[in-house]
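Every read-out reported here was derived from the displayed coordinates using simple, explicitly stated rules and does not represent laboratory data. Note that the structure is a prediction, hence the values are computed from the model and not measured. Virtual Cβ from ideal backbone geometry, glycine too; neighbours counted across all protein chains shown.
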Amino acid sequence: MSDNMRIGLLIRRFRQEKKLTVIQLAEQAELSAPYVSQLEHGKASPSIATLRRIAVALDVHIVEFFADELIKEPIILPKNKWTKISLPGWNASVNQMVRMVGHKRMQPFYTTIPPGGGSEEEYSHAGEEFGFVLEGELTLKIGKEVHILTENTACYFSSLTPHSWQNETDQPVKLIWVVTPPAW
């Protein structure tokens, strides 16, 4: 199945779950109804900006358009089914540990940060975050405070406070990170 067809099927599925017509979705996303129909039928290739507008209108996260399969959310999701997330400015391997986040209240990640890796700069957003270090040592900056998280250490903080994270060691850091509400 082509990427356009897969994305189109997801748009249609999310639209139908919201009980919206093509015209209603088009109006909310500020697109033409014929264009939305073309997208749903895999006959057009949407830009990231267009997918963002559609995601906002459908109240889903843009990452859901890039899921590997059109499946119902499983209760058990093995590691080989996690979705790899790539974020600009982040030097880390980030894997979403659930298939879809559209109707969830939290978004869990399994993250590996190589030596010298981390977030490029401080950032903030609505919500809260929880982290648990499985291996290694993570430097976490929250506001003006610097915290060193070692193996089997957890953290919990408001995402509204500017924060950043870095692996300042010569060993990889592996951790579970949970964001609420889902951010991507």
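Using only the C-alpha atoms of the chain, find the volume of their convex hull and express it per residue in Å³.
124 Å³
Given charges of +1 on the Cβ of Lys and Arg and -1 on the Cβ of Asp and Glu, with all other atoms neutral, how large is the dipole of the chain about its Cα centre, in debye to the nearest 20?
For the chain, the charge dipole is close to 920 debye.
Taking the Cα atoms of segment 66-162, report the difference between the largest and smallest coordinate on each principal axis, in whole Å and largest first.
43, 28, 27
So what is the calculated 222 nm ellipticity per residue for the chain, using -39500 (n - 2.57) for each DSSP H run with n of 4 or more, over all residues, to the nearest 500 deg cm²/dmol?
Details: 4 runs with 42 residues, N = 184.
For the chain, the value works out to -7000 deg cm²/dmol.
Assuming a strict under-17 Å limit between Cα atoms, what lysine pair count do you get for the chain once near-sequence pairs (fewer than 8 apart, same chain) are dropped? Can you show the working numbers first?
Working: LYS18/LYS72; LYS18/LYS104; LYS72/LYS81; LYS72/LYS104; LYS79/LYS174; LYS84/LYS174.
Qualifying lysine pairs in the chain: 6.
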